[in-house]
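A quick write-up on the structure given underneath.
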Amino acid sequence: MANRIYIVGMGPGREEMMTGEALNVLDQSDVIVGYTLYLKLLGGRFQGKEMLSTPMRQEEERCRQCFEEAEKGKKVALVCSGDAGIYGMASLMYEIGKGYPEIELYVIAGITAASSGAAVLGAPLNHDFCVISLSDLLTPWDAIEKRLHAAAEGDFVIVLYNPSSHKRKNYLMRACEILLCSMEGERVCGYVENIGRDGTKVEICTLKELRDREVNMFTTVFIGSSGSENINGKFVTRRGYKIEKNIDICGDN
Ligand code: SAH
């Protein structure tokens, strides 16, 4: 692992939701780098390891730290929540890595919030879907609006990452208002907070209801397509199978 950095997706939180590959890589690493909260979520298993934490919003510094540690000959693992290549640090690592040609990068896949959240809700992503982040820190809001319109036009199930933050409290409402221009208010929606962590909370509601809900930054939001429905409290998007009629137990047909 010398001269290599592993960029590890740790899944939504709990150790049992990490892949075996991710656990192996962390077991073999000398130093684990990551945002403070994620290092805490890793728990006792890696207690003996050197841990380097950086606060949120210091992504570039966190990445550079990995390269510096790897240059010392250490086996480095950078942890990201979910999948490191989905609104994670994998691309920034490759960009910064241009300056460190002797160091090889490996991305280890993790379960992203769209996938782990979908499992909690039922089967909302069982047909075409798209993923949009509502964070305008790195993307202009105009582009986000355009993508919301296009996703609605394409009749995709839409997964919203970063639906809220302290500074962006009304972004989910703004997104819902855009979607309500072309979708019916009764459209099935759902959201999951703290997937795979303590205090998991799940809600299924309509788009009209979602507009007025307040969610926090640890929430992933799902908006149904025309093929989605609420089946006994589960959010399901039909794949399109024609289901044969249930057998009539009275034998009339
Ligand atoms: N790389 C991560 C996404 C990081 S962006 C992944 O693949 O899952 C941060 C956003 O991801 C949050 O605002 C939230 O929308 C979503 N998210 C990440 N972890 C979550 C969790 N445990 N529960 C609910 N949402 C989560």
Carbon plus sulfur fraction of accessible area for the chain, probe 1.4 Å, in percent: 49 percent
Solvent-accessible area per residue, Å², over the stretch 70-124 with all protein chains present [probe radius 1.4 Å]: 43 Å²
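Using only the Cα atoms of the stretch 97-158, build the gyration tensor, take square roots of its eigenvalues as a ≥ b ≥ c, and label the shape rounded, prolate or oblate: rounded if a/c is under 1.5, else prolate if a/b is larger than b/c, else oblate.
Oblate.
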Relative contact order, percent, of the stretch 121-201 when contacts are C-alpha pairs under 8 Å separated by at least 6 residues? 30 percent
Given the peptides 40-47, 183-190, arrange them by the average over their residues of other C-beta atoms within 10 Å, most packed first. 183-190, 40-47
Å² per residue, accessible surface of the stretch 153-253 at 1.4 Å: 60 Å²
Over the chain, with a Gaussian network built from C-alpha contacts below 10 Å, which listed residue (TYR38, TYR241, TYR100) shows the highest mean-square fluctuation? TYR241
Counting all C-alpha pairs of the chain, share separated by more than 22 Å (%): 59 percent
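Helix-only estimate, please: 222 nm mean residue ellipticity of the chain, summing -39500 (n - 2.57) across DSSP H runs of length 4 or more and dividing by its residues, to the nearest 500.
-8500 deg cm²/dmol
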With N residues in the stretch 175-222, what two-decimal value do you get for its Cα radius of gyration over 2.2 N^0.38 Å? 1.19
Near the amide H of THR54, under 5 Å away, which other amide H atoms are found, from residues 5 or more places off or on another chain, if H is placed in the peptide plane? GLY34, TYR35, THR36
When the Cα atoms of the stretch 1-107 are enclosed in a convex hull and the volume is divided per residue, what value in Å³ results? 84 Å³
Just to be sure I understand: with springs between alpha-carbon atoms less than 10 Å apart, which residue in LYS49, LYS75, LYS234 has the highest mean-square fluctuation in the Gaussian network model of the chain? LYS49
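The values are calculated or read from the model by the stated rules, or taken from the named source; none is laboratory data. Bear in mind that the values here come from a model prediction, so they are computed numbers and not experimental data. Glycine gets a Cβ as well: all are built from the backbone with ideal geometry, and neighbour counts include every protein chain shown. To get the accessible areas, we keep the full protein, side chains included, count just its heavy atoms, and leave off ligands, DNA and RNA. Shrake-Rupley method; radii C 1.70, N 1.55, O 1.52, S 1.80 Å.
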